[in-house]
Amino acid sequence: MSRTRTPAVAGWFSGDGNGFRLLGTRCSSCATVFFPREDDHCRNPYCAGGSLEEMPLSRRGRIWSYTDSRYRPPSPYVSNPELPWEPYALIAVELPDERIVVLGQAAPGVTVADLTVGMEVEVVPGVLHEDAETTWTTWHWRPTGVGE
Amino acid sequence: MTRDVAVLGAGMHPWGKWGRPFVEYGTAAARAALTDADVEWRDVGSIVGADTVRGGYPGYVAGATFAKALGRQGARVASVYAACASGAQAIAAARAQILAGLAEVVLVVGADAAPKGFFRPAGGERPDDPDWLRFRLLGATNPAYFGLYARRRMAVHGDTPEDFALVKVKNAAMGALNPYARYRKRVTAEEVSASAVVADPLRLLDICATSDGGAALVLSSIDFAQRHGVPRPVRIRAVSTVTPRFPNTVLDLPDIATDSAVAVAAAGETFRASITRAAYEEAGIGPEDLSLAEVYDLSTALELQWYEDLGLCGAGEGAKLLREGVTAPGGRIPVNASGGLASFGEAVPAQAIAQVCELTWQLRGAAGDRQVAGARVGISANQGLFGHGSSVVAVR
């Protein structure tokens, strides 16, 4: 039985392969970018407020900082308590065009030993977890120039 | 007219993992503060509680719960939730009531029975809550954020894990002298570096634990203190409770991303620095006037950040200040003479109040073996989830 692929959160990313992008919104008046998307009102206190339009964020950025999680995080993070805990890295990435820092998990197999602050990374589609019916999808950061 | 309020009494319940209801810790701390103030509970005009949930965080109950436990006597009541800044905002609410003439004597109480291990958000599917989302999508615990800040300091300022360990060594040595602290054992740098990595580059002994605990203060008008026979009380001179300014470009708990600086350039000053600047401005003092500081050392690396945000040194010079002993006992400005969160652990609604208890005892010259000689001016500083920050200046 094949599982349905469903984003773990609606409206934050779309596309496949090289076309995969995080989706933010941009204020039509002041050009401020919001991720996670802000659909209600521009949060720039100096802006009279414009309409908020969806925009894909840059695919590549540079590492602001990184860490990892050597212990199993509590719920609502989903993990299988029957399996040994496998640490994953977390990367905060500065997107130069949007002037924003976005946190995300590193692609599987990428450890803190592979990373340095300032290194270029790109956003790639990833899997958060799977249950019987559904593959819950997410975004991952992966150093550029690393194999598929 | 003075804008000061008096600290008539300070009290704590010892911190630890006691496994009892938070009401018990808060009530014990409140009774200790009332005894210290020589004030009867039935004569207190107002009670302000820093919120918790029964058995976790964040909060729904506090002021009314403590009022009931102490014996309801018709006092004005308020409860405050502001994450880690809850205690300081409770102090701010009490102070505002006193300065507005709504109450002469106010009891401020915070207590918690914290969960074991990582803090976690309340249950259910709640994708409109940033705190729920960061766990659900990223498994990003509080220590993960502390790890990001620590790694960033290493990359930008050249700090080392050995620098971070020295913060723990310093704070554990002071906590060993504090009867209210949970951890009362000295720690060596070797013990820090031998402890397990929790969130690279931080280890178990770099990160504060979750604890049970309670803290309380009795605040009053200066007039009341003087009529009550306390001519020179410790005075609260400033309480800063500012929000960040847009765009906040440093990733903060519990956010998944920063504000974008594409339309408005980021201010030169970080959120943490703005918290303490607001306190300095309100108090009319500067970092050069301080005798001591109590800061939120949620991690060892974060304490070094606070040195810079308090203006004790320039950006990137925190580790140097530590190595020179400036922030150690006997140094120019001892930081976390109480032992800090390294020695207490987090009992969220209590800890900002506990910081002011320590300032009070230090400014009275009543801090025993950990006394900072000649202490006249103290500051506390903290930061909580969702853009809460606070800083209290106390003087004598």
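The values are calculated or read from the model by the stated rules, or taken from the named source; none is laboratory data. Note that the structure is a prediction, hence the values are computed from the model and not measured. With ideal geometry, Cβ positions are generated from the backbone for all residues, glycine too; neighbour counts draw on all protein chains shown. Side chains included, ligands, DNA and RNA excluded: accessible areas come from the protein's heavy atoms. Shrake-Rupley method; radii C 1.70, N 1.55, O 1.52, S 1.80 Å.
Here's the picture: a label point sits 7 Å out from the Cα of A:Thr111 along the beta-carbon direction, and within the range A:49-79 the residues with their amide nitrogen under 17 Å of it are A:66-72. Per the accessible-area calculation with a 1.4 Å probe, the total area buried between chain B and chain A rounds to 3700 Å². Computed from the C-beta positions of A:Ser2 and B:Arg126, the FRET efficiency with R₀ = 41 Å rounds to 0.90.
For the protein assembly as shown, the cysteines with no partner cysteine C-beta closer than 4.7 Å are B:Cys84, B:Cys208, B:Cys313, B:Cys357. Highest GNM mean-square fluctuation among B:Val109, B:Val48, B:Val197, for chain B modelled with Cα contacts below 10 Å: B:Val197. Here is how the number arises for chain B: DSSP H runs of 4 or more residues each give -39500 (n - 2.57), the sum is divided by the residue count, and the result at 222 nm is -10500 deg cm²/dmol. Solvent-accessible surface of the range B:307-360, averaged per residue with a 1.4 angstrom probe and all protein chains in place: 24 square angstrom.
Here's the picture: a label point sits 7 Å out from the Cα of B:Asp223 along the beta-carbon direction, and within the range B:20-41 the residues with their amide nitrogen under 20 Å of it are B:39-40.
Fully extending the segment from B:Glu288 to B:Arg76, taken as 0.36 nm per residue of separation minus the present Cα-Cα distance, adds 72.5 nm.
The simple spin-label model puts a point 7 Å past each Cα toward its Cβ; for A:Asp97 and B:Arg323 those points are separated by 4.2 nm. Counting only protein heavy atoms and a 1.4 Å probe, the range B:90-190 has 37 square angstrom of accessible area per residue. Site pair B:Lys116 and B:Arg3 shows an inter-label distance of 4.8 nm when each label is modelled 7 Å from Cα along Cα→Cβ. Fully extending the segment from B:Arg376 to B:Trp18, taken as 0.36 nm per residue of separation minus the present Cα-Cα distance, adds 125.4 nm. What residues of the range B:145-171 lose no less than 20 Å² of accessible area with every protein chain in place versus their chain by itself (probe 1.4 Å, heavy atoms only)? The answer is B:Leu148, B:Arg151, B:Arg152, B:Ala155 - residues whose exposure falls by at least 20 Å² when every protein chain is included.
Taking the chain by itself as reference, the range A:19-34 contains these residues with an accessible-area loss of 30 Å² or more in the full protein complex (1.4 Å probe, heavy atoms): A:Thr32.
Computed about the Cα centre, the dipole magnitude for the protein assembly as shown is approximately 1340 debye when only Lys and Arg (+1) and Asp and Glu (-1) carry charge, each at its Cβ. As a calculated quantity, the FRET efficiency between A:Ala48 and A:Ala10 at R0 = 22 Å, using C-beta atoms, amounts to about 0.15. Once you reduce the range A:21-88 and the range B:181-250 to the center of their Cα atoms, the two points are 30 Å from each other. Under the criterion of Cα pairs below 8 Å and six or more residues apart, the relative contact order for the range A:66-148 equals 25 percent. Paramagnetic label reach from B:Ser193 (point 7 Å along Cα→Cβ; backbone nitrogen cut-off under 20 Å): within the range A:60-76, no residues. Rounded to the nearest 20, the Cβ-based charge dipole of chain B about its Cα centre (Lys and Arg +1, Asp and Glu -1) stands at 760 debye. Close amide H contacts of B:Ala209 (hydrogens built in the peptide plane, cut-off under 5 Å, sequence separation of 5 or more or a different chain): B:Gly345, B:Glu346.
When the Cα positions of B:Gln226, B:Ile256, B:Val392 are compared along the charge dipole of chain B, B:Gln226 comes out farthest toward the positive end, with charges on each C-beta of Lys, Arg, Asp and Glu. In sequence order, the range A:25-30 has phi-based couplings of 10, 10, 6, 5, 8, 10 Hz under the Karplus curve 6.51 cos²θ - 1.76 cosθ + 1.60, θ = phi - 60°, and Gly or Pro positions carry x. Dipole orientation for the range B:112-204: of the candidates B:Ala181, B:Ala122, B:Val198, B:Ala181 has the Cα lying most toward the positive pole (charges on Cβ; Lys, Arg +1; Asp, Glu -1).
Normalised by the number of residues in chain A, the average gap of Cα pairs under 8 Å and 6 or more apart makes the relative contact order 25 percent.
Volume per residue for chain B equals 134 cubic angstrom (convex hull of Cα atoms). Dipole size of the range A:24-91 about its Cα centre, with +1 on Lys/Arg Cβ and -1 on Asp/Glu Cβ: approximately 320 debye, rounded to the nearest 20. When the Gaussian network model of chain B links Cα atoms closer than 10 Å, the mean-square fluctuations of B:Met154, B:Met12, B:Met174 top out at B:Met154.
Of B:Leu341, A:Leu95, A:Trp12, which is farthest along the charge dipole of the protein assembly as shown in the positive direction, counting Lys and Arg as +1 and Asp and Glu as -1 at C-beta? Of the options given, the answer is B:Leu341.
Given a Förster distance of 45 Å, report the FRET efficiency between A:Ser79 and B:Ala96 from their Cβ-Cβ distance, rounded to the nearest 0.05. Efficiency computed from Cβ-Cβ geometry: 0.50. Here the range B:211-319 is treated as a Stokes sphere of Kirkwood radius computed over C-alpha pairs; at 25 °C and 0.890 mPa s its diffusion coefficient rounds to 146 µm²/s.
Under 5 Å between amide hydrogens, built in the peptide plane, is the criterion, and for B:Leu177 it picks out nothing among residues at least 5 positions away or on other chains.
The accessible-area loss of the range B:244-269 on complex formation, taken against its chain alone with a 1.4 Å probe, reaches 20 Å² or more at B:Phe246, B:Leu251, B:Ile256, B:Ala257, B:Thr258, B:Asp259, B:Ser260, B:Ala261, B:Val262, B:Ala263, B:Val264. State the percentage of accessible surface on the protein assembly as shown attributable to carbon and sulfur atoms; use a 1.4 Å probe and exclude ligands, DNA and RNA. Of the solvent-accessible surface of the protein assembly as shown, carbon and sulfur hold 50 percent. Per residue, the range A:1-83 exposes an accessible area of 55 Å² to a 1.4 Å probe, with every protein chain left in place. Taking chain B as a Gaussian network of alpha-carbon nodes connected by springs under 10 Å, the highest mean-square fluctuation of the residues B:Gly214, B:Gly123, B:Gly110 belongs to B:Gly123.
Projecting label points 7 angstrom from Cα along Cα→Cβ for A:Arg62 and B:Thr160 puts them 2.6 nm apart.
Taken one residue at a time, the phi angles of the range B:324-340 give Karplus couplings (6.51, -1.76, 1.60, θ = phi - 60°) of 7, x, 4, 9, 8, x, x, x, 4, 9, x, 10, 6, 4, 5, x, x Hz. Gly and Pro are set to x. Amide H contacts of B:Asp200: A:Asp68, A:Arg70, each under 5 Å away and 5 or more positions distant or on a separate chain (H built 1.01 Å from N in the peptide plane; Pro and chain starts excluded).
Where in chain B are the DSSP H helices whose C-alpha atoms run 20 Å or more along the long axis and whose mean Kyte hydropathy is at least -0.5? Answer set is B:22-37, B:142-157, B:161-175, B:348-364.
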